1. Output needed for the chain: three equivalent-ellipsoid semi-axes, defined as square roots of 5 times the C-alpha gyration tensor eigenvalues, in descending order, whole Å.
2. For segment 200-284, what does the convex hull of the Cα positions come to per residue, in cubic angstrom?
3. Return the whole-Å distance between the Cα centroid of segment 156-182 and the Cα centroid of segment 92-126.
4. What ranking, highest mean first, results for peptides 133-139, 41-47, 191-197 when packing means the other Cβ atoms within 10 Å averaged over each residue?
5. Which value at 222 nm does the chain reach when only helices count, each DSSP H run of 4 or more adding -39,500 (n - 2.57), with the total divided by all residues and rounded to the nearest 500 deg cm²/dmol?
6. How high is the relative contact order of segment 114-192, given as a whole-number percent (alpha carbon pairs under 8 Å, six or more residues apart)?
7. Give the shape of segment 1-159 as rounded, prolate or oblate, defined through the alpha-carbon gyration tensor: a ≥ b ≥ c are the square roots of its eigenvalues, a/c under 1.5 means rounded, and otherwise the shape is prolate if a/b is larger than b/c and oblate if not.
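Every number in this text was worked out from the coordinates using simple rules, so none of it is lab data. Values in this document were obtained by computation on a predicted structure and should not be read as measured data. Because the Cβ atoms are built from the backbone with ideal geometry, glycine has one as well, and the counts that use them run over all protein chains shown.
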Ligand code: PMP
């Protein structure tokens with residue numbers, strides 16, 4: 001596999017680190033059978049999630065390719081972390097942004113989107129809809145109508161979304177783990193994380209297996225999609241040949257991971273992180289003595305209502321865990 005190392009990506013990577021993104025800490029979990037799970041704590045990115053990486057790369061790429069004399073407005077459809085990242089990064093870089101969101105976007109997420117500085121527009125089929133299909137379509141339409149002003153980032157198809165991981169997450173993780181893992185195991189949303197990290201580690205060691213996790217067809221795990229059900233999957237389809245195996249996750253898997261991390265590490269993570277951890281544990285159990293690399297895309301902060309309705313914590317415990325989360329950086333492998 002030939003990973004193209006363009007000057008453009010290297011220069012975006014340099015800006016990324018100069019502006020304080022990335023370099024997230026890593027949790028190292030030792031299992032009793034000798035397997036080890038390595039997880040990047042991506043909520044330590046400035047705007048709270050792994051999507052700061054792809055969003056930064058997509059936005060800087062758009063800036064570098066645009067006519068400096070014309071006003072540029074960034075647009076995309078998102079129901080969560082990408083929108084929050086785009087709004088905040090654009091504000092930081094002095095750009096305007098418009099994020100189209102589905103009506104069913106959770107209240108806590110919507111608040112964060114509104115605080116990000118992006119203009120928020122709600123579009124969707126029904127009041128409860130959490131599908132971003134119409135939001136994405138609207139962003140695309142705007143950019144087609146006025147291409148000089150609006151730039152549709154299209155996170156599901158934009159190569160910068162996964163290249164961010166080839167240039168930042170992968171190299172950071174390699175250094176933190178002190179070598180290649182046996183398995184890269186990450187659940188798919190756009191596929192940016194699993195494809196970018198997968199390409200990076202396969203290039204270094206063909207023996208590293210890429211395990212793409214997905215949600216069960218009937219499960220809803222925030223941030224994770226099901227390959228068959230997903231509509232817009234340009235990145236995934238283009239690079240599916242690097243995937244050695246798929247692993248399904250249920251809502252229960254995600255909850256079990258969340259519970260385990262609270263009980264063992266006092267770590268309040270999002271449900272996709274819970275799913276990634278459970279999946280990594282299954283792989284670790286199947287292959288004693290193996291090294292499994294995964295990511296925790298965001299923290300539990302935006303999911304208070306879900307935590308409480310599923311009895312995962314009490315309200316008080318949620319508050320104290322949420323305060324603690326930013327103090328714990330020192331306990332992990334940093335760069
Ligand atoms: N988890 C969460 C919480 C997310 O917001 C996302 C992105 N939608 C993912 C996982 C999946 O990441 P990716 O888009 O890189 O596949």
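1. They are 29, 23, 19 Å, listed from largest to smallest.
2. Taking the convex hull of the Cα positions in segment 200-284, it is 109 Å³ per residue.
3. After rounding, the separation between the Cα centres reads 28 Å.
4. Taking the mean over residues of other Cβ atoms within 10 Å, the ranking is 191-197, 41-47, 133-139.
5. -12500 deg cm²/dmol
6. RCO, segment 114-192: 20 percent.
7. oblate
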